[in-house]
Amino acid sequence: MDVLTHWVTGSLTPEQRVWSAAAPAVILITAGILTLIAFAVRNALFGDFHDKEIESRGSSIVLGMWIRRYFVWLVTPIINLLVYLRIPPSAVTLLSLQAAFGAGIALAAGRMALGGWLFLGAGALDLFDGRLARAINTAHPGGAVLDSVVDRYGEGAVYLGLAWYYRSSWVLLVVLFAFFGSMLVPYIRARGESLGVKMSDRGFVQRPERTVVLGLTVGLSPIVEAIMVPGDPHPPHRLAIVGLAFLAVATQISAAQRLLHARNALAGSDPTRRAPSFAVVFCSIFSTVADFALVVWLVYWRQMPLPIATLVGAVFGAAVGFVAYRLALLHNHSAKVLRVGRYALVTLGAALLNAGLVALSLLPEVLPNAAAWWCVRALVILAWSYPLFKEYVFARDEHLLEGAHARS
């Protein structure tokens, strides 16, 4: 009885911690290898297994189409059993929610192995409900809405559990970034598809990929910790941090992929929205290097406060870039006034945004000054300078330049 109490409460010896994480992994990996071999033999004897639904969703670098087909083949008997029993699809949907909530609670308590495997189970159940509904002819839009909302609640519960566990660590920021990206990816898909743009094949970390990466890295992390720090009652779970860091970056990339795809599909052909010329790119890089170099000199050699140095550097870089740009397009007179006014407006806005956001980013004292500065500069470049230079300054001027050449 004492042994069972220790397993439930988590008061385990280092050896028990290893086995509590390794035993499910060994069982699942062994079963996975055997079923993979069986699937490969089945394909060799009877031809490749196909599934229209899973193939219509596309594949990714993380989960290729062969693996997706294998998983559908593996769970088809379970789905057939649910069809035979006439289990309501909503029951499966709500069961996945409860499994995800259980995973979140386990993760908050530091039971990473339990939380990781529960989350993987919730992800597997998420595949069942839609197929079950279609198999028994009960699919309807209300069920699809319930499934989408439950997915968000379940994923959110897991991230909340991780946030609680890492509440006193810098890893909390990584968890929040991963959580934000995981919510943003499906939102962009829903918004794009509501406007008629196909989005299911965009983004390399969709929900299945996020579930597999997070579930495996979190579920296996206690093995690493029990080997490295066997006596630590609150280990950092390094493998879980790696998975979270990957998702924090990958979800933002996937969101950007979907956003650009939707925007390009809805914008259509616009002659003013073209890639900037080599001269414009070179001038932009040259001005950025001058900006950064001056900031480094002012901060490290002149001990100027970082926000002020950022403002001075941004203004200096803008001036250098304007001179270089004017020299590169000196023969273009038709867009002279437009270029000066627009360039000044955009670069002044970038300088003020950089300086103000750098000053604000230093207040929490969470990130090192250099890291906070780089994050702000990247944000302003991606969310202000690049789009406005492309669509408001350079693209329109280059269009006018081509028109001037055509008239001559």
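FYI, it's all coordinate maths here, none of it is from the lab. All figures in this text were calculated on a predicted structure; none of them were measured in a lab. All Cβ positions, glycine included, derive from the backbone under ideal geometry; neighbour counts span all protein chains shown.
Computed 3J(HN,Hα) for region 284-291, one whole-Hz value per residue from the Karplus formula 6.51 cos²θ - 1.76 cosθ + 1.60 where θ = phi - 60°, is 5, 5, 4, 5, 5, 4, 4, 4, glycine and proline marked x.
Dipole of region 2-267, Cα-centred, from +1 at each Lys and Arg C-beta and -1 at each Asp and Glu C-beta, to the nearest 20 debye?
620 debye
For region 212-263 and region 41-100, write down the distance between their C-alpha centroids in whole Å. For region 212-263 versus region 41-100, the Cα centre distance is 24 Å. Semi-axis lengths, largest first, of the ellipsoid equivalent to region 94-194 are 27, 17, 8 Å, with √(5λ) applied to each eigenvalue of the Cα gyration tensor. Here is the size of the chain from its Cα atoms: Rg then Dmax, 26.8, 93 Å. Ranking of GLU225, GLU55 by neighbouring Cβ atoms within 10 Å, starting from the fewest: GLU55, GLU225.
From helices alone, the chain scores -26000 deg cm²/dmol at 222 nm; the rule is -39500 (n - 2.57) for each run of n ≥ 4 DSSP H residues, then divide by the residue total.
Among ARG111, ARG207, ARG191, which comes first, second and so on when ranked by fewest other beta-carbon atoms within 10 Å?
Sorted ascending by nearby Cβ count, the order is ARG191, ARG207, ARG111.
Each residue of region 129-134 is assigned a 3J(HN,Hα), and the resulting list reads 4, x, 5, 5, 4, 5 Hz, derived from the Karplus form 6.51 cos²θ - 1.76 cosθ + 1.60 (θ = phi - 60°), x at Gly and Pro. Here the convex hull built on the C-alpha positions of region 25-156 has a volume of 129 cubic angstrom per residue. Averaging the Cα positions of each part gives two centres, and for region 352-389 and region 111-127 these lie 37 Å apart. Remark: region 101-115, residue by residue, has Karplus-estimated 3J(HN,Hα) of 5, x, 5, x, 5, 4, 5, 4, 7, x, 8, 5, 4, 4, x Hz, where x stands for each Gly or Pro and the curve is 6.51 cos²θ - 1.76 cosθ + 1.60 at θ = phi - 60°. Ordered by the number of other Cβ atoms lying within 10 Å of each residue's own Cβ, fewest first, LYS52, LYS390, LYS198 fall into the sequence LYS52, LYS198, LYS390.
Think of the chain as a dipole: +1 on every Lys or Arg Cβ, -1 on every Asp or Glu Cβ, centred on the Cα centre; then among VAL340, PRO89, ALA319, VAL340 lies furthest on the positive end.
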